[in-house]
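*Asks:* Would you mind keeping the following structure in view while I ask a few things?
The values are calculated or read from the model by the stated rules, or taken from the named source; none is laboratory data. Model, not experiment: these values are computed from the prediction. When we count neighbours, we look across all protein chains shown, and the Cβ atoms used for this are built from the backbone with ideal geometry, even at glycine. Side chains are part of the model used for accessible areas, which takes the heavy atoms of the whole protein and leaves out ligands, DNA and RNA. Shrake-Rupley method; radii C 1.70, N 1.55, O 1.52, S 1.80 Å.
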Amino acid sequence: MLKTDSSGNLIWSKTIGGNGDETATGSIFEAAGGYYIASGSTSRDNDCIDTSWCPNTYMDYDSYLFFLDTAGTIQWAKSYGGSGGDVMHNAFLDARDSTIVMVGTTTSTDFMVSQTYSQIVSIWVVKTDKNGNLIWANRLGDTAADNYWPNIIPTTDGYVVSCAYGDANQIYNIGNLDALFYLTDTSGLVLSDKILGGIRGDVPRAVFQFQNGFRAIGRSASYDFSDGTNENNNHSSQQWDVFVSDLHRDTILRATMLQQGAVIKLYPNPARDEVRVILPDTRPAGEIIIADSGGKVTYRQRVRRKSEVSINVSGWAKGLYFVEWRGKDSDHYSTQLSIQ
């Protein structure tokens, strides 16, 4: 762990762990006058000695939560999990009740982890008080698929968990790896879930609050991504695109692809004073909607029988914008615009 000043000059560095392995995945955030670190470890010595709940038991990775003061000195360390592999990926301070909420993966079937089939990688959500004392822990999902790369954010009445979902039996998922979203209550109990994707790989990498729901961003190799978008059928097996999906509870509001060779093109991009939006002749009627990175709509125009629209952007704030074309028959396409 390193701490630098605003110019990148080193203030201090610390090594945390023991004689086992500590995972490179994890999360760090500042709260309560110090730093919380959520990760995983196979160590049972040095900084990782919270093993009273599993004495004389062989353990794989345990999830760990460390609290450090501003000088990087460990104040306490707490572990969670079972006899399988338990690793945290993401964590945050829930300001609503001053608790710590963490999400990770587990293959455990005992101790703090509810029963599941052995070797299945499940999503595991853990909530503690600000001192690391366990409040509840819930395993999410079914027993037929593996889940990877989870993230979690708060909602008005619970949490949203995103992850990549792979069912080896190809029964519940769309392709070999899909984007899966769980909506839970404040106790971590699943209220609903939603799968997005196509026949290839679709992996969500970030999720955040957006308007009345949340927005997920990830990557996709599927040409048939959910709801009929990205259907150009021009992908090789090695090509990945970025997807942006907006969701409201368990209902999809919009699922679009930011495609290489998208059906709408921008010139110039980046732009300073004016940008030209080039539309396909095959879709002459629709609407252009431009939103900033926070989701606020800054431009909207209905278009009919035009192949090109010029937009004055000279007074727009610098940054990234999402340009969306909403045509007839629900054909939605998006791309990105940079204003300099």
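*Asks:* What ³J(HN,Hα) values, in whole Hz, does the Karplus curve 6.51 cos²θ - 1.76 cosθ + 1.60 give for the stretch 306-322 when θ = phi - 60°, with x put for Gly and Pro?
*Replies:* 10, 9, 8, 10, 9, 10, 7, 10, 5, x, 7, 5, 5, x, 9, 10, 9
*Asks:* How much length is gained on full extension from residue 49 to residue 296, taking 0.36 nm per residue of separation minus their Cα-Cα distance? Working shown, then result.
*Replies:* Details: separation 247, 0.36 × 247 = 88.92 nm, distance 4.81 nm.
84.1 nm is the gain from fully extending residue 49 to residue 296.
*Asks:* Pop a pseudo-label 7 angstrom from the Cα along the beta-carbon direction at both residue 14 and residue 57 and give the gap in nm to one decimal.
*Replies:* Once both label points are built, they end up 2.8 nm from each other.
*Asks:* Just to verify a number: FRET efficiency for residue 195 and residue 31, C-beta to C-beta distance, R0 = 25 Å, to 0.05? Let's see the in-between values first.
*Replies:* Details: r = 33 Å, r/R0 = 1.32.
With a Förster radius of 25 Å, E is 0.15.
*Asks:* Continuing with the same structure: Run the quick spin-label model on residue 130 and residue 21: label points 7 Å from Cα toward the beta carbon, then report their separation in nm to one decimal.
*Replies:* Going from the residue 130 label point to the residue 21 one covers 3.6 nm.
*Asks:* Around residue 113, which amide H atoms from residues at least 5 apart in sequence, or from another chain, sit under 5 Å from its own amide H, with H modelled in the peptide plane?
*Replies:* When sequence neighbours closer than 5 places are left aside, there are no close amide H contacts.
*Asks:* Related question: Please work out, to two decimal places, the log10 of the ratio I(q)/I(0) at q = 0.18 Å⁻¹ from a Debye calculation in which every Cα of the stretch 52-126 carries one identical scatterer.
*Replies:* -0.76
*Asks:* Counting only heavy atoms of the protein chains, get the accessible area per residue of the stretch 45-105 (1.4 Å probe) and round it to a whole Å² value. Please report the intermediate quantities before stating the final value.
*Replies:* Working: 2360 Å² over 61 residues.
Dividing the accessible area of the stretch 45-105 by its residue count gives 39 Å².
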